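Here is the structure we will look at, set down as structure tokens.
The values are calculated or read from the model by the stated rules, or taken from the named source; none is laboratory data. All figures in this text were calculated on a predicted structure; none of them were measured in a lab. Cβ placement follows ideal geometry from the backbone for every residue including glycine, while neighbour counts extend to all protein chains displayed. Heavy atoms of the whole protein, side chains included, go into the accessibility calculation; ligands, DNA and RNA do not. Shrake-Rupley method; radii C 1.70, N 1.55, O 1.52, S 1.80 Å.
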Amino acid sequence: MMSNSLVDEREASTLYKHCCDIHKVPCVPDKLDDFIDTINAKLQLMFMQIRKGMSEVNGRQYYALVNMAETDITRMSSDYADNELELFRKTMDLIVSSENGKISSTDALNIADSLMTKRLKKSEAEQVLNRLVQDKWLNEKRGEFSLSTKCIIEMEPYIRRMYEDQVKLCHICHNIAFQSQICDSPTCGIKIHNPCVARYFKGRVEPRCPACDEFWPHEIPEVPRSISRR
Amino acid sequence: GKEKASQLFSEGAAFDPSAFAENLLSFMGLNRLEGGEHEPQNGGDGYLPSDAWDRLARRAETCFRTAPTFHYMLGSFHAEPPPPKQRIE
Amino acid sequence: SSQVQRGLARVSNAQVEQKAAEVVQYIMVKDQKKIPVRRADLVKHVIKDYRNIYPEIMKRVLQTFSQVFGLELVEIDTKAHVYILINKLEPHEALTTNQGSVNPKTGLLWVILSVIFMKRGAVKEGLIWNTLKKLRVDPGERHEVFGDVKKLVTDEFVRQRYLEYVRIPHTEPLECEFRWGQRAELEVSKPQILHFMGQLHEREPQSWSQQYRDAHPSLGAPGPSQPSRSQR
Ligand SMILES: [Zn+2]
Ligand SMILES: [Zn+2]
């Protein structure tokens, strides 16, 4: 879990089975979450946790080992410099306040001019953003940045706390929603994750908002194949 | 004479750094033929693919018992509230 | 000691537990860059007023690393009190070969450690630089993967304790040589190096009989008659 920042359900089950084999105990496939709870009881003392979350892109469940503490020690982390972290934080500000959970790379690069800590050249900012994608904190697709699954899983408590009045929960799965569709009705405005939209409206003749019953005006994405297979 | 010979024998094969480098280049996927559109890289003919060092690193990892490292984002910076949102009303 | 006993009497178990957890956290942060942890820094940044029960805290830290993470905290310098983290678990192919990212520096480091090992312990820096040049890595130029190669090799790898970079005495002009650092001695498997070396040269590892004996000290003097298959 430490070397792979994110594992999907299948990989997690493989790891669980591997642990059972090593210790020669019977492996009960649907006890994976119990097993993780046992590990978490130990990790909790070290301010760490294995947490589960859904990918906003493909709707699948993933597990990530995350940090839970914000202390002077955790701030000694050496992966990014202060101004690089500020760039990340401001990128997150923009993504959270955007309607569909994405921002253009131009908008992200423009942040470089407004850094308080130490300014970054455009080319440096571009490198930092690339590193953030490589380290799986951001996703990049067709010139747009969004928050990665790992980032959302780890940062969720922070995001809920800091962006209290901006962040919305998905009407279907009740987790925070960024890459999603919004109900057009001004009195409603609920959000639904794209994969949750696909699952919820699948097979319905006329899509209507599950909250206000108005017509759902967006294009309904296809259910990602990895889910429909089950 | 005799002593020297047995000493040589017990030393086994010698290590040849040049042969080592050549074999490594092959392992890393050196392309020795197509040189045309690419700048000749220092050190010799042919060019290495961009993932050459990753390829070697992946194989070399089996020689290391390195502790995995824990990387996180939460808690690496001071929490700071976002700028107040402009109201569009 | 009795001093520790007296110290322990004044703090609750929960406080010791909490300090131990902070030490674990601190060491894991430092380990992100594989820089060894010095006791002096540990005391200054984390232990602070609890220094009188340092041994008790460290006992729990070692326990946590071993039981929760499968890691071993090793004191590589008992005079200066410097620690590094080592993996206690054998690499498992089925679990590591998937997508997980790889650090290309490991490849460069492997090349250098291998040359030193095959040259039986110490190598003049010239040979290392020449070998790297053949691999299209020129220490005098910025490399697109490694950046400042000279700095990476003589500074970063040295600070991580993978390499020792020392002056050869009585040389004029000044000459330096490379040796394995303490971290390499603890982390890197010599039989595995020789095994990979054999694959590269399409040769039996035993054919380098001296290096084979260096890698398998338990085999004793007679040398390369035993099969190597059981070695990892
Ligand atoms: Zn949802
Ligand atoms: Zn609605």
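Structural remarks
- Matching residues, the range C:8-30, being in a helix (DSSP H, G or I), open to solvent by 20 Å² or more (accessible area, probe 1.4 Å) and small (Gly, Ala, Ser): C:ALA9, C:ALA14
- Considering the range A:172-203, and only residues there that are of a type in the set (Gly, Ala, Ser) and within 8 Å of ligand 1 (Cβ to nearest atom), the residue that is surrounded by the most Cβ atoms within 10 Å (Cβ to Cβ) turns out to be A:ALA177.
- Residue, farthest from the chain's Cα centre (by Cα), within the range C:36-46, restricted to residues that are under 15 Å from C:VAL74 (Cα atoms) and open to solvent by less than 50 Å² (accessible area, probe 1.4 Å): C:LEU42
- On the stretch given as the range C:108-137, residues that are at the interface with chain B (Cβ under 9 Å from one of its Cβ atoms), farther than 14 Å from B:ALA21 by Cα and either free of Cβ contacts under 8 Å to residues at least 24 places away in the same chain or over 22 Å from the mean Cα position of the chain (by Cα) (or both) total 1.
- The residues of the range C:105-119 that are open to solvent by less than 30 Å² (accessible area, probe 1.4 Å) and more than 15 Å from C:SER189 (Cβ to Cβ), listed by number, are C:GLY107, C:LEU108, C:VAL111, C:ILE112, C:VAL115.
- The number of residues in the range A:16-54 being open to solvent by 50 Å² or more (accessible area, probe 1.4 Å) and aliphatic (A, V, I, L, M) comes to 6.
- Residues within the range A:55-70 that are in a loop (DSSP other than H, G, I, E, B), open to solvent by less than 50 Å² (accessible area, probe 1.4 Å) and of a type in the set (A, V, I, L, M), tallied: 1
- Selection status of A:THR117, farther than 26 Å from A:ARG199 by Cα, among the hydroxyl-bearing types (Ser, Thr, Tyr) and open to solvent by 30 Å² or more (accessible area, probe 1.4 Å): yes
- Test result for C:PRO55, in contact with a strand residue (DSSP E or B) (Cβ under 8 Å, 6 or more places away or on another chain) and either at negative phi or away from every other protein chain (no Cβ under 14 Å) (or both): no
- Counted residues, the range A:119-174 - those being under 20 Å from A:TYR80 (Cβ atoms) and assigned to a loop (DSSP other than H, G, I, E, B): 7
- Meets criteria (within 13 Å of chain B (Cβ to nearest Cβ) and in a loop (DSSP other than H, G, I, E, B)) for C:LYS33: yes
- Scanning the range A:211-225 for residues that are within 11 Å of ligand 2 (Cβ to nearest atom), part of a loop (DSSP other than H, G, I, E, B) and open to solvent by 40 Å² or more (accessible area, probe 1.4 Å) yields a count of 5.
- Flag for A:ILE176 being among the β-branched types (Val, Ile, Thr), without any contact (Cβ under 8 Å) to a residue 24 or more places away in the chain and either touching a Leu at 6+ places or on another chain (Cβ under 7 Å) or within 16 Å of ligand 2 (Cβ to nearest atom) (or both): no
- The single condition among (1) more than 11 Å from chain B (Cβ to nearest Cβ); (2) part of a loop (DSSP other than H, G, I, E, B); (3) among the hydrophobic types (A, V, I, L, M, F, W, C) that C:ILE76 does not meet is (2).
- Per-region count, the range A:82-105, residues modelled with pLDDT of 95 or more, surrounded by fewer than 16 Cβ atoms within 10 Å (Cβ to Cβ) and within 11 Å of chain B (Cβ to nearest Cβ): 0
- Boolean, A:PRO195 is under 17 Å from A:MET54 (Cβ atoms) and outside the structural domain of A:ILE103 (by TED's automatic domain parsing): yes
- Matching residues, the range C:176-195, being closer than 23 Å to C:ARG136 by Cα and without any contact (Cβ under 8 Å) to a residue 60 or more places away in the chain: C:CYS176, C:GLU177
- Residue in the range A:26-39 that is closer than 28 Å to C:VAL46 by Cβ and not in a loop (DSSP other than H, G, I, E, B) present: yes
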